[in-house]
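Let me begin by presenting the structure, written as structure tokens, before commenting on it.
The values are calculated or read from the model by the stated rules, or taken from the named source; none is laboratory data. Note that the structure is predicted; figures quoted are calculated from it, not measured. Here the Cβ is made from the backbone with ideal geometry for all residues, glycine too, and neighbour counts use every protein chain on show. Side chains included, ligands, DNA and RNA excluded: accessible areas come from the protein's heavy atoms. Shrake-Rupley method; radii C 1.70, N 1.55, O 1.52, S 1.80 Å.
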Amino acid sequence: MSNKVKLYLYIFLSLVFICVVYFFQTQVDETVTDVNLIHRRIETPIKFWMNGYLGHFFNFKYLGSINWLLIPLALFAFLKLKYFNQEWKKAIALAYILSLFLISVKGFFNARYQLTLLPITLSALLYFLWLYLEHQDLHTFKKFVLILIVGLVFSNDVFGLLFLRESSQSILQQDRQGLVERIVNYIDSIPAKIAYYENKSRTPAYPVIDFIRKDLPADAHFLVNNLPMLYYYSNKKGIYYWCGDDTYYSENGRSRIMENRSIDEMMLFIKDTLKCDYLLSTPSYNKYDPKFEEFTKAYCKPVFLDLGEFAVYKITREKGNYSIEPMAKVLSKRLSKGVPPFYVTPDDVE
Amino acid sequence: MISAFFVFVLLFVLTNGAFSLAVSLCLFRFDKEKVIAPFQKIIFSLALGPFLTSLLLYYLLWLVPGLAPITYILVVTLFFLVLGALNIESFNDVFAVLKQRLKFIDKTKEENKNTFLLDLKFIKLYSSDYTLNYFNILSIVVVIYICWQWIWRLIGIPIIGHDMLEYAIQARYFAQHRLIEYVENRYHPETEFFYVGLHGFSFPLLGTWEVLFSELFGKTENDYYLKSITGYYGFLIFFTQFFWLKRVNIWLAMAASVILFFTYGFFITITEYHIDSYRIFMIMASFIALAYAINYHNYLTLVLLGVFAGAQAFIHSFGVFVSVFIVMAFILFYKNTMQKKIIYALLVTAIIMLMGGIHYVMDVLFGTGWIFQEIKYY
């Protein structure tokens with residue numbers, strides 16, 4: 001088989017392999033409801049391996065569809081070219097492999113960690129590819145192969161935008177449209193998106209912070225569900241909390257709110273012991289723990305919602321059946337039409 | 001009345017310009033054998049200016065806390081002034097490189113045919129090779145787009161990401177109290193915020209540096225500089241990758257830049273404010289320093305290895321492990337007697353500790369316990 005034919009064969013096999021990975025990447029397990037796993041796209045065992053442990057090579061959405069090529073190309077350089085014959089090359093290879101191993105084992109949960117070695121991986125794989133083409137006497141194919149790879153990167157971005165969305169909500173809503181439907185929907189949404197961004201530039205970054213500063217009492221005390229902006233952009237105080245781990249922080253360290261408490265007891269604890277009158281959170285964050293979401297529905301009356309999904313709830317003593325849905329619907333209408341203001345208060349619903 | 005943005009520009013020129021220049025004078029002076037490529041030395045210097053600023057501030061706020069903001073600004077500035085003055089003899093070397101880089105290149109000349117904006121050279125838009133012209137235009141578009149994004153975001157987009165907000169809050173806390181201490185719980189009584197971050201303080205300290213500097217001009221809420229770090233180190237990553245691959249082939253270098261830029265996660269990394277481009281660049285630099293240290297047996301390359309390995313450790317906890325791997329690789333592959341290997345490895349380790357590694361020792365012994373902390377729920 002000539003080198004030219006071999007190259008075409010490798011390109012064909014690579015494209016097939018990429019399609020197979022895409023197939024697994026787009027699979028959705030409808031029985032999984034853990035928002036955290038869905039959001040990170042590691043909710044099925046195979047996706048856990050591909051986007052988690054082996055994310056540096058196969059998490060196509062964030063790291064591109066070509067990183068895995070480093071494996072065969074580095075093997076080629078190692079075995080055929082005896083490339084790693086100098087001490088400095090061996091040293092870098094060892095430091096790289098150990099770092100990669102650590103990222104795989106400890107950083108699998110966060111795509112940001114998988115990015116750590118990306119510039120080195122890309123540089124190395126392109127360099128080894130170059131060496132391969134030179135070794136196989138395929139000089140005239142260099143530009144073609146590089147353009148092909150650039151094309152793969154572009155098309156991966158488009159594919160990721162359309163099919164590898166990390167939006168937990170859309171997946172939870174079983175949003176599984178076909179190819180044509182997705183493209184048509186995406187194109188349909190473009191005018192509203194443009195209007196939204198045009199208006200957004202004239203909207204304060206955090207309408208919720210404006211609301212907190214201007215419309216709430218000076219001594220309003222918050223339960224802050226993982227939204228540190230309160231501390232940075234306002235002079236309000238608040239207990240820093242994350243419902244996903246049921247941990248709040250104080251000068252003594254960490255403690256629990258939900259553990260061993262019913263939602264009624266939670267309300268009493270938050271109101272009387274922690275002295276919190278308001279909750280700053282997002283509807284999506286509330287979902288990270290079903291019990292916390294239940295608590296918000298029972299004791300937290302939504303008083304503000306903005307385009308960033310940031311919501312302020314008044315924590316009440318009266319048990320009710322509170323929902324942010326009506327406010328979300330009004331906001332959604334405004335956003336789809338691109339008509340400000342991009343925040344809603346209960347008055348807008350009534 | 002000086003605008004907040006102008007204060008940022010002043011700070012940027014001082015820290016990333018003047019301080020980096022002082023570092024480059026030092027690097028050029030001590031690289032007598034000229035083993036490090038001039039352009040790489042410039043990139044190293046541009047990276048080390050801000051980093052060393054944060055490191056000095058760390059030691060000052062830890063060891064000499066509670067002084068007036070102007071004192072910290074003056075001490076840090078004085079350090080770089082002395083560093084520059086002591087190495088002023090290499091000014092001509094640095095200037096020659098900068099002059100060569102910053103002059104307007106005439107692309108019609110054969111020797112300039114393969115020169116691009118990513119070489120940090122200004123260019124005229126013409127080449128007899130049309131394909132290279134396209135790359136030329138593409139490189140200009142990419143660089144202009146990144147610059148535009150960088151400035152537009154700096155002016156128009158506030159800090160919104162969760163982690164970035166936590167760093168920024170901690171930065172202000174350091175500036176407000178002018179104190180770094182090792183305590184079990186990093187709790188801010190004024191706001192009831194609790195800093196859960198386990199990483200070294202280099203990144204938040206850049207924000208502290210900005211607050212202290214801006215306070216001199218009455219701009220207490222500036223965070224332009226902290227925001228600028230993302231894009232700044234993003235540029236350095238591009239320049240480094242381009243520089244090394246261009247040595248192989250210009251097509252390869254251009255394609256690599258385009259591929260890196262359009263990889264979604266990386267695009268996010270260099271546009272949305274975060275610590276990542278800062279730590280990723282330092283990891284790249286420490287790998288390059290490792291190659292230099294093993295290839296060229298001299299003290300400068302050993303010191304640089306320690307500096308960059310320490311820098312990426314002081315920026316992020318992950319870097320601590322990378323620095324261990326780097327020292328391991330150094331011991332295994334550095335060609336010398338076992339005795340010298342150990343001595344040099346100890347030297348590199350000592351520099352890593354000095355460059356911020358000590359933070360983790362202090363945090364384990366007297367602070368939060370770092371990753372060894374036993375999380376207790378009271």
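Just one of the listed residues (A:PHE101, A:PHE78) is within 14 Å of chain B (Cβ to nearest Cβ), under 23 Å from B:TYR334 (Cβ atoms), modelled with pLDDT of 95 or more and open to solvent by 50 Å² or more (accessible area, probe 1.4 Å), namely A:PHE101.
Taking the conditions (1) under 30 Å from B:PHE330 (Cα atoms); (2) assigned to a helix (DSSP H, G or I); (3) more than 18 Å from the chain's Cα centre (by Cα) in turn, A:GLY52 satisfies each one other than (3). Taking the criterion of being surrounded by fewer than 17 Cβ atoms within 10 Å (Cβ to Cβ) and either more than 9 Å from every other protein chain (Cβ to nearest Cβ) or of a type in the set (Lys, Arg) (or both), the residues of the range A:243-257 that qualify are A:GLY244, A:ASP245, A:ARG256. Of the numbered criteria (1) touching a Ser or Thr at 6+ places or on another chain (Cβ under 6 Å); (2) farther than 16 Å from A:LEU125 by Cα, the one B:PHE193 fails is (1). Only residues that are open to solvent by 10 Å² or more (accessible area, probe 1.4 Å) and away from every other protein chain (no Cβ under 11 Å) were counted across the range B:263-294, and they come to 2. Considering only residues of the range B:165-185 that are more than 9 Å from chain A (Cβ to nearest Cβ) and over 20 Å from B:PRO69 (Cα atoms), which is least open to solvent (accessible area, probe 1.4 Å)? Here the residue is B:TYR182. The single condition among (1) over 26 Å from B:LEU206 (Cα atoms); (2) open to solvent by 10 Å² or more (accessible area, probe 1.4 Å); (3) within 11 Å of chain A (Cβ to nearest Cβ) that B:LEU260 does not meet is (2). The helices (runs of 4 or more DSSP H) located wholly in the range B:260-351 that include 3 or more residues which are at pLDDT 95 or above occupy B:276-295, B:299-315, B:317-333.
Quick one: would you say A:TYR62 is open to solvent by 10 Å² or more (accessible area, probe 1.4 Å) and assigned to a loop (DSSP other than H, G, I, E, B)? When the stated conditions are applied, A:TYR62 does not pass them.
The single condition among (1) more than 30 Å from B:TYR296 (Cα to Cα); (2) touching a helix residue (DSSP H, G or I) at 6+ places or on another chain (Cβ under 6 Å); (3) surrounded by fewer than 18 Cβ atoms within 10 Å (Cβ to Cβ); (4) modelled with pLDDT of 90 or more that A:LEU15 does not satisfy is (2). In a residue-by-residue description of the range B:295-309, the property of being surrounded by fewer than 24 Cβ atoms within 10 Å (Cβ to Cβ) and touching a His at 6+ places or on another chain (Cβ under 7 Å) applies to no position. When the range A:288-338 is filtered for residues that are of a type in the set (A, V, I, L, M) and open to solvent by less than 40 Å² (accessible area, probe 1.4 Å), the ones remaining, listed by number, are A:ALA298, A:VAL303, A:LEU305, A:LEU307, A:ALA311, A:VAL312, A:ILE315, A:ILE324, A:MET327, A:ALA328, A:VAL330, A:LEU331. Can you tell me which residue is most open to solvent (accessible area, probe 1.4 Å) among those in the range B:245-257 that are facing chain A (nearest Cβ under 9 Å) and free of Cβ contacts under 8 Å to residues at least 12 places away in the same chain? The residue in question is B:VAL248.
Every residue, every condition in (1) open to solvent by 10 Å² or more (accessible area, probe 1.4 Å); (2) closer than 23 Å to B:TYR173 by Cα, yes or no:
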site: B:TYR59; (1), (2): yes, yes
site: B:THR71; (1), (2): yes, yes
site: B:VAL76; (1), (2): no, yes
site: B:PHE79; (1), (2): yes, no
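The listed residues are A:TYR285, A:TYR278, A:TYR240, A:TYR232, and the only one of them that is free of Cβ contacts under 8 Å to residues at least 24 places away in the same chain, touching a strand residue (DSSP E or B) at 6+ places or on another chain (Cβ under 6 Å) and buried (at least 19 other Cβ atoms within 10 Å of the Cβ) turns out to be A:TYR240.
The set of residues from the range A:296-330 being modelled with pLDDT of 90 or more and aliphatic (A, V, I, L, M) comprises A:ALA298, A:VAL303, A:LEU305, A:ALA311, A:VAL312, A:ILE315, A:ILE324, A:MET327, A:ALA328, A:VAL330. The set of residues in the range A:28-47 being open to solvent by 50 Å² or more (accessible area, probe 1.4 Å) and part of a helix (DSSP H, G or I) consists of A:HIS39, A:PRO45, A:ILE46. Going by the structure shown, is A:GLU293 touching a helix residue (DSSP H, G or I) at 6+ places or on another chain (Cβ under 7 Å) and at pLDDT 95 or above? The answer is yes for A:GLU293.
Within the range B:297-325, residues that are within 12 Å of chain A (Cβ to nearest Cβ) sit with their Cβ atoms under 9 Å from residues that are among the basic types (Lys, Arg) and assigned to a helix (DSSP H, G or I), at 6+ positions apart or across chains, in these pairs: B:GLN312/B:ARG279; B:ILE315/B:ARG279; B:HIS316/B:ARG279; B:PHE318/A:LYS106; B:PHE318/B:ARG279; B:GLY319/B:ARG279; B:PHE321/A:LYS106.
Only one entry in A:LEU131, A:LEU148, A:LEU126, A:LEU138 is modelled with pLDDT of 90 or more and either buried (at least 19 other Cβ atoms within 10 Å of the Cβ) or aromatic (Phe, Trp, Tyr) (or both), namely A:LEU126. Listed by first and then second residue, the pairs linking a residue in the range A:76-101 that is assigned by TED's automatic domain parsing to the domain that holds A:LEU129 to a residue that is of a type in the set (D, E, K, R), with Cβ atoms under 7 Å apart and 6 or more places separating them unless they lie on different chains, are A:TYR83/A:LYS89; A:PHE84/A:LYS90; A:GLU87/B:LYS335. Reported count of residues in the range A:70-93, each being touching a helix residue (DSSP H, G or I) at 6+ places or on another chain (Cβ under 7 Å), among the aromatic types (Phe, Trp, Tyr) and part of a helix (DSSP H, G or I), is 2. Checking each residue in the range B:332-368 for being within 11 Å of another protein chain (Cβ to nearest Cβ) and either surrounded by fewer than 18 Cβ atoms within 10 Å (Cβ to Cβ) or in contact with a Pro (Cβ under 8 Å, 6 or more places away or on another chain) (or both) picks out B:LEU332, B:LYS335, B:ASN336.
Of the set (1) more than 9 Å from chain B (Cβ to nearest Cβ); (2) closer than 26 Å to B:GLN312 by Cα; (3) open to solvent by 50 Å² or more (accessible area, probe 1.4 Å), all apply to A:TYR113 but (1). Residues in the range B:143-163 that are at the interface with another protein chain (Cβ under 9 Å from one of its Cβ atoms) and open to solvent by less than 40 Å² (accessible area, probe 1.4 Å): B:ILE157, B:PRO158, B:ILE159.
Counting the residues of the range B:203-237 that are more than 13 Å from chain A (Cβ to nearest Cβ), aliphatic (A, V, I, L, M) and assigned to a helix (DSSP H, G or I) gives 4.
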